[in-house]
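Please read the structure below before turning to the comments.
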Amino acid sequence: MVQTVNREQLLMELYKSGFPAVAKYVARMGGSFEDARDVFQDTLVIYYEKASNGSLNAMDDKAYLLGIAKHLWFKKFREGNTTVSMQDEMLNLANEQEKQVSNGKVLQYLQTAGKRCMELLSAFYYDKLSMKDAAQKFGYAGERSVTVQKYKCLEKVRDTVKQQSLTYADFIE
């Protein structure tokens, strides 16, 4: 009886400490709360079996549980994806291609930061200029100065987007 109480207490403690991280991971990977519960139940069974037969050598139970859950979720996800038909896959791809970000709309908001910022951001992101080269090209004292200026330029664009309450959907054609 004492062993049963200890086992139940251990499982409850593991559930309280490990389930939130597993649920967050599964949700981030597109799973539901029910998926997270299923995966975590399987995770606890594996954990308990390893602990019972003495092959468990985990330093951090929570991290070990998350590792098992990630492996199980990946396995479940991989098995689930094998049943998707080629036609469904092609439709998904076609839908993704329809939702392309409008470069014109993005450019319009980038221009709100000013000409100098546009030139700096263009040199960094499109021309792939290093910070050292950008500092020389734009006359900054050093790499740190150009990094700070690039950050300020991006903040100007972010502020414009926030002020107008724009979302990702506003940039889709």
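Listing for the model above:
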| read-out | value |
| --- | --- |
| Which numbered condition Q3 misses (of (1) farther than 30 Å from L154 by Cβ; (2) under 23 Å from the mean Cα position of the chain (by Cα); (3) modelled with pLDDT under 85) | (2) |
| Unique match (being of a type in the set (G, A, S) and part of a helix (DSSP H, G or I)) among G54, G18, G31 | G18 |
| Lone qualifier among A21, A36, A51 - being of a type in the set (A, V, I, L, M) and surrounded by 19 or more Cβ atoms within 10 Å (Cβ to Cβ) | A36 |
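The values are calculated or read from the model by the stated rules, or taken from the named source; none is laboratory data. What you are looking at is a predicted structure, and each value in this text was computed from that prediction instead of being measured. Every residue, glycine among them, receives a Cβ derived from its backbone with ideal geometry; neighbour counts consider all protein chains shown.
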